[in-house]
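First up is the structure itself, then whatever we jot down about it.
Computed from the coordinates by the stated procedures, all read-outs in this text should not be read as laboratory data. Because the structure is predicted, anything quoted here is derived from the model rather than measured. Please note: Cβ atoms are built from the backbone with ideal geometry, for glycine as well, and neighbour counts cover all protein chains shown.
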Amino acid sequence: MKHIARRLAFYVAAAWAAITINFFVPRAMPGNAVDAMMAQFPHLEPGALKALEAEFGVGSDGSLLHQYGSYLVNILHGNLGTDLTQFPTPVSSIIASTLPWTLILVGSATVISFLLGTLLGIFAAWRRGSRFDNLMPGFIFLQATPYFFLALLLVDLFAAHLHYFPEQRGYDIGLVPGWHLNFIESALYHSLLPALTIVITSVGGWMLGMRNMMITTLGEDYVLSAVAKGLAPRRIMLAYGARNAILPSFAAFSTSLGLVVSGALIMEVVFAYPGVGLLLYNAVTSNDYPMVQALFLIISLAVLGANLIAEVVYVLVDPRTRTAEAA
Amino acid sequence: MTSVRVALVPKEGASAAGSRRRLLARWRRLPIKARAGGSILAAFCIVAIVGPYLAPYDPTSDIVSGLQAPSVAHLLGTTMTGQDVLSEVLVGTRATMVVAFAAGALATCMAALIGVAAGFLAGLWDESLSLLTNVFLVLPALPLLIVLLSYKSADSSLGITLVLSMLGWPYGARLIRAQTLSLRRRDFITAARETGERRRRILWAEILPNVGSLIAVTFVGSVLYAISAEVALAFLGLTPTSQWSLGTILYWAQTESALQLGAWWWFVPPGVFVALIGAGLVLLNMGLDELINPRLRDTRRGTATGGRSWRPTDPTVVAPDIAAHSIDVARHGIVSAGVTRSESSAPVTGSPQVEPSQLLLEVRGFSITYRSTGGAVGAVRDVDLTLHSGEIVGLAGESGSGKSTLAYGLCRLLRPPAVIEAGSVNYRGRRSGGARVDLLACSPDELRELRWSEVAVVFQSAMNALNPVMRVSDQLIDAIDAHVTLGEDAKVERVERLIDLVGIPRDRMGSYPHELSGGMRQRVMIAMALVLYPEIVIMDEPTTALDVVVQREILSQIIELQSEMGFAVLFITHDLSVLAEMATRIAVMYGGRVVEVGSTTEMVERPAHPYTRALLRSFPSLWGPKRALAGIPGSPPDLRNPSPGCPFVPRCKYAAASCTEVAMSLLPVSAGEAGHVSACPVMLSPSAEHVAEHEIETTS
């Protein structure tokens, strides 16, 4: 119980840090954010201006501490401010409509990449020194290549030249999003190439990590005792080798979620995919600060949530952590 | 993580030429991946330094017409506005590398500072610094970077460098903290603390050198992170687009639709440059990983794999006694006569009882060598050994004497650098119906069938030999499933019976290994070894890791089980007094050779080899009366360069001049005692006999 309380305290602290960074960064920056926005949006409505001033503490809204307090209260009520480009739509409703795109595509691509990379890593380690294992440098090169560079080359090849896939966007322009077959089909079709690029660029990292862990694990005594027991090779590989080697890989999965989000962001810019990454990019390039702030908060909290889930799953797969908790 | 002090920083040499040669030698010894990665990076560093001077054109001026394909004048063509791409890339490489390396260095400094401080100061400092690290670790870095840059704070490379390093440190800090913490707990630092050595000295002399390689890994990782983040940000147009870097070239190429216009020469070169730098960094990091984790190091894959009964894994053997499998059987062609496949795989019939004193295992001329780059180590030399049914044979010797290698070698459990050079291991068990099976010559499948059902092993450390994520009962059932077909109920019944036999409460069957005490784990290991009622159980120091009380309990239990179930035991230990209590016969090994074999009574009462005698005096008896203890001066022989004759000569007080000349052979000790043989001709001579008797009288 003590352990669980500690972990929960950690997540509360991390969430608080994200929220606080979000509050102070715009205020710590040189120059007046509101002035910058005024320049960007010369025809800002009076209501929007007032909302902005309150949000960034420009008006006469009292001390910094006071502002911080009302900011926290707002966030606890789910009030993330009003969007400037689509005034007066609340930021939260815009985010809510884009979040599923990112979650579904990036989530499934990441899980596929993790599973595939892990599987390939297991085989590379098991057949160490084989022709397959010697393909590793190729994967390293893929892993070191900037994501957007590879993605754009693939788009140029498969979409622009071969017309296998659509080049951009999440669905055909003419369609109205909704739960009907035309739209779902279109959305799936549009998601293939982005998903493929994510998998291609990230699978090497998982593979390398799993291979090295697996090699280390195969050197353990319990693998030797499995051999001495006369178990079938497949059983040794999976139940004794991979089952143990996957644990650190699993832990790495949770810490790499931040990177996953970052990759998604660039993916969405490259493909003009209607997710939170593109939204953030557009907000940044158009100085839509309320949106930037809200998106950073949402992304941070989403990563924290995913981390928490990964941690819970880890407890389920490693019996040793369960005892640590009981103690 | 033991030998982290690696050859990263060359020590200062006496002469310039000598140190250069040493440097070169060290470079050659680095893993190939580290050398490849280092070379790529060095090449790009040179490009970054001299590139801008080599650029044929000013990358900012529009000199020619736009979008020219590569030509002699413009090797990489021109951009939309007519700038030379090659010049841009050469200039851009410097900017990208400077930012990435500076940010990487800064992030590494922060990581080292925070990591070492947290691990070294411990307590509240550790708590708060770790919290800080973990919070930064879970915050999504790139979105944060974008947010920071969106407020126009970083118009300069310096600003970007600072922001990148601010977000790049936590991963390394976590690694370094963990390493510092484990170093702090290690003996030598605890000792240093106790001697009142000043903290600063401990930090500089003990901790920093040992986290050095980790700091190097962190640096390479941080640079990799910084370069990919910098290029991504530049590509998104979030860094100043008027300053040339590889990312900005890509930004402009994309903005001006270079690929759509077919101008690949504009888009591809900067991307490939980034990929190459990244690949160099990844390779270097993999090489450093191999330095830190020797199991990853790629030495030879072992000669023949001895079939594919299981996959070759670990060519470098870390634990000296447990080496790897890869047996070069085919080369020696040791195939025993009269063994056919049908005989060797005959099903179990009749009772497991075998006639007493039937010869079960016969090892002949067995030699095993560890072949490493540093030379060949003859760990086991020309050993003969027999094991009869129902017998407990003790195999004794100091660590490094080859006893464990011998035991693992005869069931082909050794891994790559270990190669079985010669010999035969003939087994006659119930499965073969009394016919001989040469364990070294049988196929992987035949071997797999014999393992555990005929020859089981109790490993030295049950903690390490039990799968940590599998319930104890499942590990026993695993062994059953691999060899016999039993119904679920029958399996559970069998497991329960064994668990009862070794004295573990039944409600612990569903436990995981870490939930059991050390003694309990070793009992589980023994139960697991007996679950298929094997003919032979090899026990590799099964009690050394336990405290004396538990040790005695388990030994008594082994003796009890053995007399009840009638299996034969090959018991490996360095402790002769244990063997004196339980063994039927004892074989003593020294320097890879068996130097004396005999019945326990003979060996204890009339040891005929000086080494046996020394061993007898160096352990207190577990059960017997007290006597004076004496260590054995000197150290075990260097098996790389074996000296001719008896290997014990340098430590032997009876050594004569002839000892180094005559090849060792086992000679009968006395006509009356069959089976007592010794390799010491000096002590067998009548004059030495007298000396020996006298000595025993005075020591007892």
Checklist entry - Using θ = phi - 60° and the Karplus curve 6.51 cos²θ - 1.76 cosθ + 1.60, what whole-Hz ³J(HN,Hα) does each residue of the stretch B:506-513 get, with Gly and Pro shown as x? => result 5, 6, 8, 4, x, 6, 8, x
Item to check | P(r) weight above 16 Å for the stretch B:448-490, C-alpha pairs, percent | outcome: 46 percent
Item to check | Cα-based Rg and Dmax for the stretch A:159-215, where Dmax is the largest Cα-Cα distance (Å) | outcome: 16.3, 52
Checklist outcome for this item: Note: B:234-243 gets an average of partner chain Cβ contacts (10 Å, Cβ to Cβ) equal to 2
Checklist entry - Given a cut-off of 18 Å, what percent of all Cα-Cα pairs of the stretch A:148-299 lie beyond it? => result 69 percent
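Highest mean first, what order results for A:95-108, B:72-85 on Cβ atoms within 10 Å?
The peptides rank, most packed first, as B:72-85, A:95-108.
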Checklist entry - Whole-Å semi-axes of the stretch B:447-544's equivalent ellipsoid, largest first, each the root of 5 times a Cα gyration tensor eigenvalue? => result 19, 17, 11
Item to check | Cα gyration tensor category, rounded, prolate or oblate, for the stretch B:34-180 with a/c compared to 1.5 | outcome: prolate
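Just counting partner chain Cβ atoms within 10 Å, what average do the residues of peptide B:456-469 show around their Cβ?
Counting Cβ atoms of other protein chains within 10 Å of each residue's Cβ and averaging gives 5.
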Checklist entry - What percent of all Cα-Cα pairs in the stretch A:236-300 falls in each 5 Å bin, counting up from 0? => result 4, 16, 18, 17, 11, 8, 7, 8, 6, 3, 2, 0
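Give me the compactness ratio for the stretch B:65-129, meaning the Cα radius of gyration over 2.2 N^0.38 Å. Intermediate results must be reported in sequence, preceding the final value.
Details: Rg = 22.7 Å, N = 65, 2.2 N^0.38 = 10.7 Å.
Compared with the compact-globule rule of thumb, the stretch B:65-129 sits at 2.11.
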Checklist entry - In angstroms, what radius of gyration and Dmax does the stretch B:546-594 have, counting Cα atoms only? => result 12.1, 35
Checklist entry - In a Debye calculation with equal point scatterers on the alpha-carbon sites of the stretch B:357-440 and no solvent, what is log10 I(q)/I(0) at q = 0.13, 0.18 Å⁻¹? => result -0.43, -0.77
Item to check | In sequence order, calculated HN-Hα J values of the stretch B:259-270 (Karplus, 6.51, -1.76, 1.60; Hz; x Gly/Pro) | outcome: 5, 5, 7, x, 8, 4, 5, 7, 8, 5, x, x
Next on the checklist: Counting just the Cα atoms, what span does the stretch A:275-327 cover along each of its three principal axes? Round to the nearest Å and put the largest first.
Outcome noted: 52, 18, 9
Checklist entry - Across the residues of A:261-269, average count of Cβ atoms on other protein chains within 10 Å? => result 4
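Mind ordering B:580-586, B:529-535, A:231-237 by average Cβ neighbours within 10 Å, highest first? Present the calculation step by step, with values, prior to reporting the outcome.
Details: B:580-586: 21.4, B:529-535: 23.4, A:231-237: 18.9.
Listed from highest to lowest mean packing, they are B:529-535, B:580-586, A:231-237.
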Item to check | Cα-based equivalent ellipsoid, the stretch A:98-180: semi-axes from gyration tensor eigenvalues, Å | outcome: 33, 18, 11
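Looking at the stretch B:478-630, I'd like the Rg to Rh ratio, where Rg is from alpha-carbon atoms and Rh is Kirkwood's inverse mean 1/r. Don't skip to the end; give the middle numbers.
Values: Rg = 17.8 Å, Rh = 17.3 Å.
Looking at the stretch B:478-630, the ratio lands at 1.03.
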Checklist entry - Listed highest first by mean packing, meaning other Cβ atoms within 10 Å per residue, what order do B:240-249, B:201-210 come in? => result B:240-249, B:201-210
Item to check | Two-decimal log10 I(q)/I(0) for the stretch B:116-184, as the Debye equation yields it once each C-alpha is a single scatterer, q = 0.12, 0.18, 0.24 Å⁻¹ | outcome: -0.40, -0.71, -0.95
Checklist entry - Roughly what % of Cα-Cα distances in the stretch B:379-514 sit above 27 Å, to the whole percent? => result 33 percent
